[in-house]
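Asker: Take a look at this one; I'll ask things after.
The values are calculated or read from the model by the stated rules, or taken from the named source; none is laboratory data. Given the structure is predicted, the values throughout are model-derived calculations rather than measurements. We place every Cβ from the backbone using ideal geometry, glycine too, and count neighbours over all the protein chains shown.
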Amino acid sequence: MASSYDTLKVVGTRPIRPDGVDKVIGRAAFGADMVMPGMLWGKVKRSPHAHARIKSINADKALKLPGVKAVVTAADFPSIPSEEAFVGEGPMNFRDLSRNCMAQDKALYDGHAVAAVAATSSAIAEEALDLIEVEYEVLPHVIDVEAAMADDAPLLHDDLFTQGVEPKPTRPSNIAKKIGFNKGDIAAGFKEAEVVIERRYTTQPVHQGYIEPHACVVSVATDGQCTIFSSSQGQFMVRAYCAKLLGTDIANIRAIPSEIGGGFGGKTLVYLEPLALALSKKAGRPVKMVMNREEVFRGTGPTSGGVIEVKLGAKRDGHIVAAQLVLKYQAGAFPGSPVGPGCMCGFAMYDLPNVSITGYDVVSNRPKVAAYRAPGAPISSFGVESCLDELARELRIDPLKLRELNAAKDGTKTAHGPTFVNVGYVQTLEAAKNHPHMQQKLGPNQGRGIASGFWFNIGGESSAGCFINEDGTATIVEGCPDIGGSRAGMAMMAAEVLGIPYDRVRPVVGDTASVGFNFLTGGSRVTFATGMAVTQAAEKVVVELKRRAAMIWDISPDAVEWKDGMAVPAGANAGNFDPLSLADIALKAGRTGGPISAEVSINAQGAGPGFATHICDVEVDPETGRVKILRYTAVQDVGRAIHPAYVEGQIQGGVAQGIGWALNEEYIYDRNGRLDNPGFLDYRIPVASDMPMLETVMVEVPNPRHPFGAKGVGEVPIVPPMAAVANAIADAVGTRMRDLPMSPPKLRAALDEQNPPRMAAE
Amino acid sequence: MSKHHVTTTINGEPMEYLCEAQQTMLDVLRDELGLTGSKEGCSSGDCGACTIIVDGNITCSCLMLGVEAEGRKIETIEGIAQGDRLHPVQQKFLEHAALQCGFCTPGFIVAAKALLDTTLNPTEEEARYWLAGNLCRCTGYDKIIRAVLDAAAVMRAEAGR
């Protein structure tokens, strides 16, 4: 409970992260920075077609090229039955993942891997790719989500029948699944409503855009022992997927996490590692594989684009009495879009009596989507939070007030089932309302928008060890790749419990053979769940330290207290002894029973829900349609910030990604289904000159289930920005943008439609 | 294919290497010289993760050939700190938590160092435009800009002494 650490010395401060120096001097080892002796370079041959049957693959010419050591295709991987995997973040099926890593029978999207080669140099491997002959039968393709849902759409999978409809369909479809959530009586709700508005919104797929491309170095020994050094959001995830895809035992794989150069959900599954392992096995040498940026765009991620249909019914006083949502999400080439969380998050901020939510998971000839920061929620929330703004204007009620009127609170039953506890939503609205930002005057073509967001946050399985060293320092070993400063948080929580300075604790992210199982870095879980494991390990160490002190003093362990990093007698009755510091006890450990350490494995429950409310000011240039973000304030319930600077960083990063999603980012396909913009020049993520300073307000509604009150913070910040920006544009120029991205040409066209330009002759 | 012999200066030290004609400076740094601090994020000059300083000018090392280093003076992230003394930009990146994943950080630090070699009085806007060739996906740039402006203040104070 939070109350057991009511005077905090370390938690809540802003120390320098333990891995910081290595990262500012260029010494930190990321995925592509590792080499192994004798290693080969692997490259992937990718389909140039959106949809094509692979009639044959002939690698003879490639294998004759001097320096080429191995070529692998789908034939080199075991055939895997359909089986749901609970390894990564979001739904995945082992068979689909195997086929996504290496196309079997059909290439399903532009960029789909069809073969891989290993050679003695990167240049030779590249040359060999052109010598691998693939004969394709090009098939009709489908890119758009609603086109893919049509009865006569080209089918990606002959064996895909829509789940969740009765009776069971007899014909295959691109609609993998239909899901629904209902609460109350939606028809009665709309009947009761005095104002009803119904709108349709769309979003485009956006890539996670981590700056580090996927990379790995692997080695398979002749006895089948595998070592994988790779950049991922979870070494245990890499191990589990690779074991399955290669058909080997988990114990045969040791996965070592490199530093990770960004992931945002996009590195919660594997692409290269299984191919590198197969090549290494075949060639008998270590293999290194690194994607280039084009491959990252064509072959990995992104998140879904979607269609969001929202219908809201309200009383004139602003109470919403009926809310209906229909979501159609692109899954990419295999089922498994985040439409489920999209459905659950859309209305989660609100206490609504009558709700109907329907979601469709739809495959099309695009790369299989991967998790991206609050997967699914930003898409549905763009629609819902935009529509709420439209409703507020219709009702002539302040948009913030409309949210307050309908806000979810502790005890609100959600449409998807659970009843909320530990909700900090109203507090974010209150803080937003009272923020000076709301009072700032706006000029011509300037506008202000607000929007809110929800994300579940998760806990899950984590293991950690706390090892006391001979000199009284401590080593923490945990198993979640540090993607944004989490090592600092781990060391801080351990230091707080042990009562020693932060810089006496060294945290390490261990490989799969150095620490018990850890679910991956995702779901905003690490500070919460792994932090809990670290805290409990440190607490077990403290119990042991007290026992050792009791032994030294020859008193009962119950008569020893741990205070400020020292054992002290619990009171006058306990005896009169000088305090023993952690270092004193550590020095004598050999004589009091041996090394002092503890390992803890937990399945953390009770992650607090994440709520945020954002305020965005924009200025629209009516000549060009360009939108400038003038000021941005993000208010979020963070539970309690362990390292506030990294919490702010999560919020700011989520906002920036959301602004990119809102204004610029999109996948553009040509008529042949080929990606037109697979590079950072044409897929434009925000740069420093696009952004203002990003103000953060951390509301702290502590989570009673975490020892220091922490809630996940990493994902919810990306949920509100798209609607916040759209609402601000509507406020600035009266133009409602319902299709993302709100790029200059689109906004310019919308402005022209609103105020037709005068002809020169007039 | 015969290799080219290149004589150059990297981080103040004379350096010789052999490279192939098509190898980029980034390939040479990372694969031939073991200087892996410069990162490859795009290989098209869009992300800035491979930023180095060539004769005082910031350059994307992925857009420069290894043979072009002949007779030049090259600075990379590995040469920004003086021994165990961090450059103020590096120190301020740490203090401001201006890195999350840290992958773009070397490029930003090299580019920011070059900015502060040019002026110790950059405005926020100047810093934002100077660094617009470096992509960061984690931070939203807020803390990076603060770190750079704070480093400038430290260096101004040091210069005034």
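Asker: Quick one: A:C616 ticks every box in (1) crowded, with 24+ Cβ neighbours inside 10 Å; (2) within 12 Å of another protein chain (Cβ to nearest Cβ) except a single one, so which number is it?
Answerer: Of (1) crowded, with 24+ Cβ neighbours inside 10 Å; (2) within 12 Å of another protein chain (Cβ to nearest Cβ), only one is false for A:C616: (2).
Asker: Only residues that are surrounded by fewer than 24 Cβ atoms within 10 Å (Cβ to Cβ) and more than 13 Å from chain A (Cβ to nearest Cβ): list them for segment B:62-72, please.
Answerer: B:M64, B:L65, B:V67, B:E68, B:E70, B:G71, B:R72, listed by residue number.
Asker: For segment B:109-131, does any single residue satisfy the condition of being within 11 Å of another protein chain (Cβ to nearest Cβ), modelled with pLDDT of 95 or more and assigned to a loop (DSSP other than H, G, I, E, B)?
Answerer: Checking segment B:109-131: not a single residue is within 11 Å of another protein chain (Cβ to nearest Cβ), modelled with pLDDT of 95 or more and assigned to a loop (DSSP other than H, G, I, E, B).
Asker: Answer with yes or no whether A:E623 is farther than 27 Å from A:W562 by Cβ, surrounded by 19 or more Cβ atoms within 10 Å (Cβ to Cβ) and either charged (D, E, K, R) or in contact (Cβ under 8 Å) with a residue 12 or more places away in the chain (or both). Outline the logic, then answer.
Answerer: Numbers: farther than 27 Å from A:W562 by Cβ: yes; surrounded by 19 or more Cβ atoms within 10 Å (Cβ to Cβ): no; either charged (D, E, K, R) or in contact (Cβ under 8 Å) with a residue 12 or more places away in the chain (or both): yes.
Taking the combined requirement at face value, the residue does not satisfy it.
Asker: Output the number of residues of segment A:599-623 satisfying the condition of being in a strand (DSSP E or B) and charged (D, E, K, R).
Answerer: Initial filter on segment A:599-623 (in a strand (DSSP E or B)): A:599-604, A:610-620.
Remaining after also requiring charged (D, E, K, R): A:599, A:617, A:619.
Of the residues in that region, 3 qualify.
Asker: Could you please tell me which pairs satisfy a Cβ distance under 6 Å, a separation of 6+ or placement on different chains, a first residue in segment A:677-695 that is more than 9 Å from every other protein chain (Cβ to nearest Cβ), and a second residue that is surrounded by 19 or more Cβ atoms within 10 Å (Cβ to Cβ) and part of a loop (DSSP other than H, G, I, E, B)?
Answerer: Close Cβ pairs satisfying both conditions: A:N677/A:Y683; A:R684/A:N664.
Asker: Next question. Which number in (1) over 20 Å from A:I476 (Cα atoms); (2) under 42 Å from the mean Cα position of the chain (by Cα) marks the one condition that A:I552 misses?
Answerer: (2)
Asker: Would it be correct to say that A:V217 is over 30 Å from A:L352 (Cα atoms) and buried (at least 23 other Cβ atoms within 10 Å of the Cβ)?
Answerer: So A:V217 passes the test.
Asker: Can I ask one more? Which fully enclosed strands (runs of 3 or more DSSP E) of segment A:436-511 have 3 or more residues being crowded, with 19+ Cβ neighbours inside 10 Å and out of contact with any Cys (no Cβ under 8 Å at 6 or more places or on another chain)? I'd like the intermediate steps shown before the answer.
Answerer: Numbers: elements: A:446-455, A:460-468, A:474-478, A:505-509.
Hits in segment A:436-511: A:446-455, A:460-468, A:505-509.
Asker: Hey, among the residues in segment A:214-231 that are assigned to a loop (DSSP other than H, G, I, E, B) and within 11 Å of A:L272 (Cα to Cα), which one's nearest to the other protein chains (Cβ to nearest Cβ)?
Answerer: Here is the first cut: in segment A:214-231, the residues assigned to a loop (DSSP other than H, G, I, E, B) are A:214, A:221-225, A:231.
If we keep only those that are within 11 Å of A:L272 (Cα to Cα) as well, we get A:214, A:231.
Details: A:H214: 12, A:S231: 9 Å.
By that ranking, first place goes to A:S231.
Asker: Could you please find all residues in segment A:98-130 being in a helix (DSSP H, G or I), more than 14 Å from chain B (Cβ to nearest Cβ), aliphatic (A, V, I, L, M) and surrounded by 24 or more Cβ atoms within 10 Å (Cβ to Cβ)?
Answerer: Looking only at segment A:98-130, we keep the residues that are in a helix (DSSP H, G or I), and these are A:98-101, A:122-130.
If we keep only those that are more than 14 Å from chain B (Cβ to nearest Cβ) too, we end up with A:98-101, A:128-130.
Then keep just the ones that are aliphatic (A, V, I, L, M); that gives A:128-129.
A:A128, the sole residue that qualifies.
Asker: Looking only at segment A:422-435, how many residues end up being within 21 Å of A:V655 (Cα to Cα), touching a Ser or Thr at 6+ places or on another chain (Cβ under 8 Å) and part of a loop (DSSP other than H, G, I, E, B)? Please lay out each step first, then the result.
Answerer: Of all residues in segment A:422-435, those within 21 Å of A:V655 (Cα to Cα) come to A:424-435.
Subsequent filtering for residues that are touching a Ser or Thr at 6+ places or on another chain (Cβ under 8 Å) retains A:425, A:428-429, A:431-432, A:435.
Add one more test, that the residue is part of a loop (DSSP other than H, G, I, E, B), and what stays is A:435.
Summing the residues that are within 21 Å of A:V655 (Cα to Cα), touching a Ser or Thr at 6+ places or on another chain (Cβ under 8 Å) and part of a loop (DSSP other than H, G, I, E, B) in segment A:422-435 gives 1.
Asker: Can you tell me how many residues in segment B:132-146 are free of Cβ contacts under 8 Å to residues at least 24 places away in the same chain and either part of a helix (DSSP H, G or I) or touching a Lys or Arg at 6+ places or on another chain (Cβ under 9 Å) (or both)?
Answerer: Step one: list which residues in segment B:132-146 are free of Cβ contacts under 8 Å to residues at least 24 places away in the same chain, which gives B:132, B:140-142, B:145.
From the residues that got through so far, the ones that are either part of a helix (DSSP H, G or I) or touching a Lys or Arg at 6+ places or on another chain (Cβ under 9 Å) (or both) too are B:132, B:141-142, B:145.
Residues that pass the stated criteria total 4.
Asker: Restricting the first residue to segment B:79-106 and requiring it to be under 22 Å from A:E212 (Cα atoms) and at the interface with another protein chain (Cβ under 7 Å from one of its Cβ atoms), which pairs with a second residue that is surrounded by fewer than 23 Cβ atoms within 10 Å (Cβ to Cβ) and small (G, A, S) meet a Cβ separation below 7 Å and a spacing of at least six or different chains?
Answerer: B:Q90/B:A81; B:A97/A:A645
Asker: Which of the residues spanning segment A:401-421 are in a helix (DSSP H, G or I) and in contact (Cβ under 8 Å) with a residue 60 or more places away in the chain? First the steps, then the outcome.
Answerer: Within segment A:401-421, the subset in a helix (DSSP H, G or I) is A:401-406.
If the condition is that a residue be in a helix (DSSP H, G or I) and in contact (Cβ under 8 Å) with a residue 60 or more places away in the chain, then A:K401, A:L402, A:R403, A:L405, A:N406 are the ones that fit.
Asker: Among the residues of segment B:73-87, which ones are in a loop (DSSP other than H, G, I, E, B) and crowded, with 16+ Cβ neighbours inside 10 Å?
Answerer: Initially, segment B:73-87 is screened for residues in a loop (DSSP other than H, G, I, E, B), giving B:76, B:80-81, B:83-84, B:86-87.
Within segment B:73-87, B:T76, B:I80, B:A81, B:L86, B:H87 meet the criteria.
Asker: Looking at B:T59, B:T36, B:T76, which is the one that is more than 8 Å from chain A (Cβ to nearest Cβ) and among the hydroxyl-bearing types (S, T, Y)? Steps first, answer last, please.
Answerer: Details: B:T36 fails: more than 8 Å from chain A (Cβ to nearest Cβ); B:T76 fails: more than 8 Å from chain A (Cβ to nearest Cβ).
One residue alone meets the criteria, B:T59.
Asker: For segment A:283-309, how many residues meet the condition of being of a type in the set (G, A, S), within 17 Å of A:E273 (Cα to Cα) and part of a strand (DSSP E or B)?
Answerer: First, pick out the residues of segment A:283-309 that are of a type in the set (G, A, S): A:283-284, A:299, A:301, A:304-306.
Of the ones still in play, those that are also within 17 Å of A:E273 (Cα to Cα) are A:283-284, A:299, A:301.
Now restrict to residues that are part of a strand (DSSP E or B): none.
Within segment A:283-309, residues that are of a type in the set (G, A, S), within 17 Å of A:E273 (Cα to Cα) and part of a strand (DSSP E or B) number 0.
Asker: If you don't mind, there's one more thing I want to ask. Any residue in segment A:42-63 that is part of a helix (DSSP H, G or I), over 18 Å from A:Y271 (Cα atoms), out of contact with any Gly (no Cβ under 9 Å at 6 or more places or on another chain) and assigned by TED's automatic domain parsing to the domain that holds A:Y502? First the steps, then the outcome.
Answerer: If we filter segment A:42-63 for residues that are part of a helix (DSSP H, G or I), which is where we start, we get A:60-63.
Still in the list and also over 18 Å from A:Y271 (Cα atoms): A:60-63.
Pick out the ones that are also out of contact with any Gly (no Cβ under 9 Å at 6 or more places or on another chain) and you get A:60-63.
Imposing the further condition that a residue be assigned by TED's automatic domain parsing to the domain that holds A:Y502 reduces the set to none.
Checked against the condition, which is being part of a helix (DSSP H, G or I), over 18 Å from A:Y271 (Cα atoms), out of contact with any Gly (no Cβ under 9 Å at 6 or more places or on another chain) and assigned by TED's automatic domain parsing to the domain that holds A:Y502, segment A:42-63 yields no hits at all.
Asker: Tell me which residues, restricted to segment A:248-270, are more than 24 Å from the chain's Cα centre (by Cα) and of a type outside the set (G, A, S).
Answerer: Quick first cut of segment A:248-270, residues more than 24 Å from the chain's Cα centre (by Cα) only: A:248-254.
Across segment A:248-270, the qualifying residues are A:T248, A:D249, A:I250, A:N252, A:I253, A:R254.
Asker: Ok, one more. Scan segment B:48-68 and tell me whether some residue there is assigned to a loop (DSSP other than H, G, I, E, B), without any contact (Cβ under 8 Å) to a residue 12 or more places away in the chain, of a type in the set (G, A, S) and not assigned by TED's automatic domain parsing to the domain that holds B:I109.
Answerer: Scanning segment B:48-68, I find no residue that is assigned to a loop (DSSP other than H, G, I, E, B), without any contact (Cβ under 8 Å) to a residue 12 or more places away in the chain, of a type in the set (G, A, S) and not assigned by TED's automatic domain parsing to the domain that holds B:I109, so the answer is no.
Asker: Would you be able to say whether some residue in segment A:743-752 is touching a strand residue (DSSP E or B) at 6+ places or on another chain (Cβ under 8 Å) and among the charged types (D, E, K, R)?
Answerer: Within segment A:743-752, one or more residues are touching a strand residue (DSSP E or B) at 6+ places or on another chain (Cβ under 8 Å) and among the charged types (D, E, K, R).
Asker: Moving on to the next point. With A:L279, A:L312, A:L269 as the choices, which residue is buried (at least 21 other Cβ atoms within 10 Å of the Cβ) and part of a strand (DSSP E or B)? Give the steps one after another, and end with the answer.
Answerer: Numbers: A:L279 fails: part of a strand (DSSP E or B); A:L269 fails: part of a strand (DSSP E or B).
After applying the criteria, what remains is A:L312.
Asker: Has segment A:597-604 got at least one residue that is at pLDDT 95 or above, touching a helix residue (DSSP H, G or I) at 6+ places or on another chain (Cβ under 8 Å), of a type outside the set (A, V, I, L, M) and buried (at least 23 other Cβ atoms within 10 Å of the Cβ)? Outline the logic, then answer.
Answerer: Step one: of segment A:597-604, the residues at pLDDT 95 or above are A:597-604.
Retained after the next criterion (residues that are touching a helix residue (DSSP H, G or I) at 6+ places or on another chain (Cβ under 8 Å)): A:597-602, A:604.
Then drop every residue that is not of a type outside the set (A, V, I, L, M), which leaves A:597, A:599, A:601.
Add one more test, that the residue is buried (at least 23 other Cβ atoms within 10 Å of the Cβ), and what stays is none.
Checked against the condition, which is being at pLDDT 95 or above, touching a helix residue (DSSP H, G or I) at 6+ places or on another chain (Cβ under 8 Å), of a type outside the set (A, V, I, L, M) and buried (at least 23 other Cβ atoms within 10 Å of the Cβ), segment A:597-604 yields no hits at all.
Asker: So, in segment A:699-722, of the ones that are outside any loop (DSSP other than H, G, I, E, B) and within 14 Å of another protein chain (Cβ to nearest Cβ), which residue ends up farthest from the chain's Cα centre (by Cα)?
Answerer: Step one: list which residues in segment A:699-722 are outside any loop (DSSP other than H, G, I, E, B), which gives A:699, A:716-718, A:721-722.
Pick out the ones that are also within 14 Å of another protein chain (Cβ to nearest Cβ) and you get A:717-718, A:721.
Working: A:P717: 11, A:I718: 10, A:P721: 16 Å.
Applying the filter and picking the extreme gives A:P721.
Asker: B:D55 - would you say it is of a type in the set (D, E) and more than 26 Å from B:K143 (Cβ to Cβ)?
Answerer: Working: of a type in the set (D, E): yes; more than 26 Å from B:K143 (Cβ to Cβ): yes.
Taking the combined requirement at face value, the residue satisfies it.
Conditions tested, residue by residue: (1) farther than 28 Å from A:V196 by Cβ; (2) in contact with a Leu (Cβ under 7 Å, 6 or more places away or on another chain).
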position: A:L391; (1), (2): no, yes
position: A:E394; (1), (2): no, no
position: A:L400; (1), (2): no, yes
position: A:L405; (1), (2): no, no
position: A:H416; (1), (2): no, no
position: A:V423; (1), (2): no, no
position: A:Q427; (1), (2): yes, no
position: A:A432; (1), (2): no, yes
position: A:H437; (1), (2): yes, no
